[in-house]
1. Can you find a residue in the range 199-212 that is under 24 Å from the mean Cα position of the chain (by Cα), within 14 Å of residue 150 (Cα to Cα) and of a type outside the set (Lys, Arg)?
2. Among the residues of the range 233-249, is there at least one that is touching a helix residue (DSSP H, G or I) at 6+ places or on another chain (Cβ under 6 Å), of a type outside the set (Ser, Thr, Tyr) and more than 26 Å from residue 131 (Cα to Cα)?
3. If you scan the range 129-186, which residues turn out to be charged (D, E, K, R) and touching a helix residue (DSSP H, G or I) at 6+ places or on another chain (Cβ under 7 Å)?
4. What are the residues in the range 249-259 that are assigned to a loop (DSSP other than H, G, I, E, B), of a type in the set (Val, Ile, Thr) and farther than 16 Å from residue 298 by Cβ, if any?
5. Residue 142 - would you say it is of a type in the set (Val, Ile, Thr) and farther than 21 Å from residue 236 by Cβ?
6. Could you run through the range 211-248 and say how many residues are of a type outside the set (Ser, Thr, Tyr), closer than 16 Å to residue 84 by Cα and in a loop (DSSP other than H, G, I, E, B)?
7. With the checklist (1) in contact with a helix residue (DSSP H, G or I) (Cβ under 9 Å, 6 or more places away or on another chain); (2) under 24 Å from residue 240 (Cβ atoms); (3) not β-branched (Val, Ile, Thr) in hand, flag the one item residue 95 doesn't pass.
8. Can you work out which of the residues in the range 51-71 that are in contact with a helix residue (DSSP H, G or I) (Cβ under 7 Å, 6 or more places away or on another chain) and farther than 15 Å from residue 15 by Cβ is surrounded by the fewest Cβ atoms within 10 Å (Cβ to Cβ)?
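The values are calculated or read from the model by the stated rules, or taken from the named source; none is laboratory data. Just so we're clear, the structure is a prediction, and the values are computed from it rather than from any experiment. Here the Cβ positions follow ideal geometry from the backbone for every residue, glycine too, while neighbour counts run over all protein chains shown.
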Amino acid sequence: MRDLIIIGAGPAGLTAGIYGKRAGLDTLILDESCIGGGQVMTTYDVDNYPGLPGISGMDLSEKLKSHADEAGVEFKMGTLAGIETGDTIKLHTDSGELEAKAIIIATGATHNKLGIPGEEELQGMGVSYCATCDGAFFRGRTTAVIGGGDVALEDALFLARGCKKVYLVHRRDAFRGAKKLEDKVRATENIELVLNTVPVSVQGEDSVSGLTVRNVKTGEETVLTVDGVFVAVGTHPITDYLKGKLELDARGYIVADETGKTSVPGVYAAGDVRTKALRQIVTAAADGANAVESVLEYING
């Protein structure tokens, strides 16, 4: 029996682990990866984390994990399949059952897919959801990034450093990302904007050879000759196993405010997995700290 089990080792989960140990709780973090770090691991530059401008996502993850290790947080590798709530919380994982007085769900979110022909078939053969993970394979080649938010803009800039050319495909004529990033993209010579345009299909057999796109205003379809397609169209929460167990909103996010309290006593949510206006590393870390404070109140009460 643990005092606290945290599911997920991203910034929210790692911060919760640090605060849990500092509060004297018997704390365990369960994560699918032996490395941890969450989505921040795939971010090339983190320019908005206070005090550490320009740090790479991998370096920031390593610092957070190292801090948790030094605090004495115990880690266990495993995948959560379901939970049972009651006087205690039981977790069903692929490596056995775990039990705790309280849990913090910090599983974050995963990448959305386009749902177009060729995407699934060519995933890993030119179709990627992580430019910082796979961009090195396309050095000197031509790629396309699909999306209009911060991640898409960051991916285009990252790929432009090594690729011969980068198409940035967006369904609107205005971007949703930060103006600073947009300005950098527009000033980068080997990035070509393909606006008011949606992807139709990915071409290729053993590897990507092209991307068919359609202009939403004219209806005209064209084929961009590319070697890689990087999808950056947002994320969705990892909460399928919680349906019927916790209150979720229409998009599947756990309904919880900044205290982390969910619809079930003893179960808390932190980070990108919960309903919130801003999903950033700094807000995830704050969520982890707030959730532990709620856990302490629950256990002591």
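1. To start, the set of residues in the range 199-212 that are under 24 Å from the mean Cα position of the chain (by Cα) comprises 199, 202.
The next check asks that each one be within 14 Å of residue 150 (Cα to Cα); those that pass are none.
There is no residue in the range 199-212 that is under 24 Å from the mean Cα position of the chain (by Cα), within 14 Å of residue 150 (Cα to Cα) and of a type outside the set (Lys, Arg).
2. We begin by selecting, within the range 233-249, every residue touching a helix residue (DSSP H, G or I) at 6+ places or on another chain (Cβ under 6 Å); these are 237.
After this cut, where a residue has to be of a type outside the set (Ser, Thr, Tyr) as well, the list is 237.
Subsequent filtering for residues that are more than 26 Å from residue 131 (Cα to Cα) retains none.
Looking for residues that are touching a helix residue (DSSP H, G or I) at 6+ places or on another chain (Cβ under 6 Å), of a type outside the set (Ser, Thr, Tyr) and more than 26 Å from residue 131 (Cα to Cα), one finds none in the range 233-249, hence no.
3. Applying the first criterion (charged (D, E, K, R)) to the range 129-186 yields 134, 139, 141, 150, 154-155, 161, 164-165, 171-173, 176, 179-180, 182-184, 186.
Within the range 129-186, 150, 154, 155, 182, 184 qualify.
4. Taking the range 249-259 and keeping what is assigned to a loop (DSSP other than H, G, I, E, B), we get 249-253, 255-259.
Filter again for of a type in the set (Val, Ile, Thr), leaving 255, 259.
Of everything in the range 249-259, just one residue is assigned to a loop (DSSP other than H, G, I, E, B), of a type in the set (Val, Ile, Thr) and farther than 16 Å from residue 298 by Cβ, namely 255.
5. Values: of a type in the set (Val, Ile, Thr): yes; farther than 21 Å from residue 236 by Cβ: yes.
Considered against the rule, which asks whether it is of a type in the set (Val, Ile, Thr) and farther than 21 Å from residue 236 by Cβ, residue 142 comes out as yes.
6. Taking the range 211-248 as the starting set, the residues that turn out to be of a type outside the set (Ser, Thr, Tyr) are 211, 213-217, 219-221, 223-224, 226-234, 236-238, 240, 242-248.
Remaining after also requiring closer than 16 Å to residue 84 by Cα: 240, 242-247.
Narrowing the set further to residues that are in a loop (DSSP other than H, G, I, E, B) leaves 244-245, 247.
Of the residues in the range 211-248, 3 are of a type outside the set (Ser, Thr, Tyr), closer than 16 Å to residue 84 by Cα and in a loop (DSSP other than H, G, I, E, B).
7. Result: residue 95 fails condition (1) only.
8. Quick first cut of the range 51-71, residues in contact with a helix residue (DSSP H, G or I) (Cβ under 7 Å, 6 or more places away or on another chain) only: 52, 57-58, 60-61, 64-65, 67-68, 71.
Still in the list and also farther than 15 Å from residue 15 by Cβ: 57-58.
Working: 57: 20, 58: 17.
Out of the qualifying residues, it is 58.
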